[in-house]
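Q: Take a look at the following structure, please.
The values are calculated or read from the model by the stated rules, or taken from the named source; none is laboratory data. No experiment lies behind these values; they were computed from the predicted model shown. Heads up, the Cβs are rebuilt from the backbone with ideal geometry, glycines too, and the neighbour counts pull from every protein chain shown. For accessibility, only protein heavy atoms count, side chains too; no ligands or nucleic acids. Shrake-Rupley method; radii C 1.70, N 1.55, O 1.52, S 1.80 Å.
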Amino acid sequence: MRHYPAGVTIVTLHSKNGPVGFTATSFASLSAQPPLISFNIAETSSSIESLLRAESVVVHFLGEHQKHLAQRFSRTAEDRFTDRSLWTAIESGEPILHGTPIWVRATVHQLLPIGDHTLVIGLVTRVHDNTTDGPAAGPLVYYNGAYHRAEIAD
């Protein structure tokens with residue numbers, strides 16, 4: 001699967017122990033009515049226990065300028081939220097990463113254990129789209145074990 005390019009997202013949530021987040025390349029849109037999204041999390045992830053107890057999540061669609069965040073949220077869980085200049089919490093408690101072109105908030109609709117992962121299905125409750133304020137940043141793409149900038153044709 002290394003040879004299939006994927007968009008890069010970061011999933012964040014609020015837990016009783018503070019903010020939790022991780023990089024995910026398995027994001028997909030499932031349905032327009034109702035608005036459903038999905039992503040996978042490995043059973044070995046340091047974030048799995050918090051996610052299984054979460055009522056809601058925020059999925060950030062990373063732009064090409066956010067490779068540093070993708071790398072940060074792929075490393076040790078303790079280091080992900082140490083820089084307070086990178087994020088703030090919205091009124092419902094989830095962390096929002098600054099500079100993200102688009103993010104969606106979703107309530108956890110269904111959790112499906114599948115193989116060594118859990119498929120998370122979320123019902124979208126809020127969309128933040130900052131791409132109308134100026135030229136959209138190109139998406140960050142993960143391919144063959146590395147992050148890449150996608151070429152966008154006009």
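Q: The conditions are (1) closer than 23 Å to residue 140 by Cβ; (2) more than 16 Å from the chain's Cα centre (by Cα); (3) not β-branched (Val, Ile, Thr), and residue 110 fails exactly one of them. Which is it?
A: (1)
Q: Now, a different point. Among what's in the stretch 21-58 and is within 13 Å of residue 108 (Cβ to Cβ) and part of a strand (DSSP E or B), pick the residue that is nearest to the chain's Cα centre (by Cα).
A: Out of the qualifying residues, it is 58.
Q: So which residues in the stretch 87-112 are open to solvent by less than 50 Å² (accessible area, probe 1.4 Å), in contact with a Pro (Cβ under 9 Å, 6 or more places away or on another chain) and not small (Gly, Ala, Ser)?
A: Within the stretch 87-112, 87, 94, 95, 101, 104 meet the criteria.
Q: So residue 53 passes all but one of these: (1) within 23 Å of residue 102 (Cβ to Cβ); (2) at pLDDT 95 or above. Which condition number does it fail?
A: Residue 53 satisfies all of (1) within 23 Å of residue 102 (Cβ to Cβ); (2) at pLDDT 95 or above except (1).
Q: Of the residues in the stretch 1-14, how many are assigned to a strand (DSSP E or B) and at pLDDT below 95? Talk me through it step by step, then tell me what you get.
A: From the stretch 1-14, those assigned to a strand (DSSP E or B) are 6-7, 9-14; that's our starting set.
Narrowing the set further to residues that are at pLDDT below 95 leaves 6-7.
Qualifying residue count, the stretch 1-14: 2.
Q: Still on this structure, I have one more. Residues in the stretch 1-19 that are open to solvent by 40 Å² or more (accessible area, probe 1.4 Å) and more than 11 Å from the chain's Cα centre (by Cα): how many? Steps first, answer last, please.
A: First, the residues of the stretch 1-19 that are open to solvent by 40 Å² or more (accessible area, probe 1.4 Å): 1-5, 7, 14, 16-17, 19.
When the remaining residues are screened for being more than 11 Å from the chain's Cα centre (by Cα), the result is 1-5, 14, 16-17, 19.
The qualifying residues number 9.
Q: Restricting to the stretch 20-34, what's the tally of residues that are in contact (Cβ under 8 Å) with a residue 24 or more places away in the chain and open to solvent by 50 Å² or more (accessible area, probe 1.4 Å)?
A: The total comes to 4.
Q: Looking at residue 55, is it open to solvent by 60 Å² or more (accessible area, probe 1.4 Å) and touching an Asp or Glu at 6+ places or on another chain (Cβ under 9 Å)?
A: So residue 55 fails the test.
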